[in-house]
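See below for the structure under consideration.
The values are calculated or read from the model by the stated rules, or taken from the named source; none is laboratory data. If you're wondering where the values come from, they're calculated on a predicted model, not measured in any experiment. Note: ideal-geometry Cβ built from the backbone for every residue, glycine included; neighbour counts use all protein chains shown. Quick note on the areas: whole protein, heavy atoms, side chains included, nothing else; ligands and nucleic acids left out. Shrake-Rupley method; radii C 1.70, N 1.55, O 1.52, S 1.80 Å.
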Amino acid sequence: MQSITVHDLDKHFANLLEKMPEERRAMFEELSRELLTDVQRRIGGTGKVQRWQDKYTGSGGGWAAVRPRAKTWTEANRAGKRYAVGQVTNAITSGHRTPSGGYVPGKGFYADANAGAAQTVEQAIRRFEKRIKEALG
């Protein structure tokens, strides 16, 4: 699980955020949508693993994250075993051993998305600042 919290944003706009909590929540919801799109793009493939990902925001609207959907399972394999999609996603992003003793390197799509998140956060901050300026007249 990767998540992003923008502490500097909270410090800089503390007074305005108290007056405008719905704007803060909207900014993090927008940020979570953008992060989800970025993670899905980095996963590649046929779409199954991308569909397992979901966006999350904090109940107070103060953080955004992308992670596998909770309580979601893969289709049964030939032996009838099902796996939590979080297990499969973790194996894909981190790498894993194969039954024959080989190793499949991880794709690191969460880490790569996290590294690129700074630019996404900056854009979200600029949009948020623009909305605040418009709200203040």
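Miscellaneous remarks
- Test for Gly108: is it open to solvent by less than 40 Å² (accessible area, probe 1.4 Å), within 22 Å of Arg42 (Cα to Cα) and not aromatic (Phe, Trp, Tyr): yes
- Region 28-50 residues that are closer than 15 Å to Ala115 by Cβ and touching a residue at least 24 places away in the same chain (Cβ under 8 Å), paired with ones that are outside any helix (DSSP H, G or I) and open to solvent by 30 Å² or more (accessible area, probe 1.4 Å) (beta carbon under 6 Å, 6 or more apart): none
- Checked against the criteria, Gly116 does not count as touching a residue at least 12 places away in the same chain (Cβ under 8 Å), open to solvent by less than 60 Å² (accessible area, probe 1.4 Å), in a loop (DSSP other than H, G, I, E, B) and closer than 30 Å to Met20 by Cβ.
- Residue within region 121-135 that is farther than 14 Å from Asp38 by Cα, aromatic (Phe, Trp, Tyr), out of contact with any strand residue (DSSP E or B) (no Cβ under 7 Å at 6 or more places or on another chain) and surrounded by 14 or more Cβ atoms within 10 Å (Cβ to Cβ) present: yes
- Neighbours by Cβ (under 8 Å, 6+ apart or cross-chain): first from region 51-64, closer than 11 Å to Glu29 by Cβ and in contact (Cβ under 8 Å) with a residue 12 or more places away in the chain; second open to solvent by 20 Å² or more (accessible area, probe 1.4 Å) and of a type in the set (Lys, Arg): Lys55/Arg33; Tyr56/Arg67; Thr57/Arg25; Gly61/Arg24; Gly61/Arg25; Ala64/Lys55
- Condition broken by Val104, with the remaining ones in (1) touching an Asp or Glu at 6+ places or on another chain (Cβ under 8 Å); (2) under 23 Å from Lys48 (Cβ atoms) satisfied: (1)
- When residues of region 65-75 are limited to those that are of a type in the set (A, V, I, L, M) and within 18 Å of Ala117 (Cβ to Cβ), the one surrounded by the fewest Cβ atoms within 10 Å (Cβ to Cβ): Ala65
- Candidate set from region 48-64 (those that are modelled with pLDDT under 90 and open to solvent by less than 20 Å² (accessible area, probe 1.4 Å)); member that is farthest from Ala111 (Cα to Cα): Gly61
- If you go through region 30-69 and keep only what is within 15 Å of Val121 (Cβ to Cβ) and of a type in the set (Ser, Thr, Tyr), you end up with Ser32, Thr37, Thr57.
- Restricting region 76-104 to residues that are of a type in the set (A, V, I, L, M) and within 26 Å of Val66 (Cβ to Cβ), the residue that is surrounded by the most Cβ atoms within 10 Å (Cβ to Cβ) is Val85.
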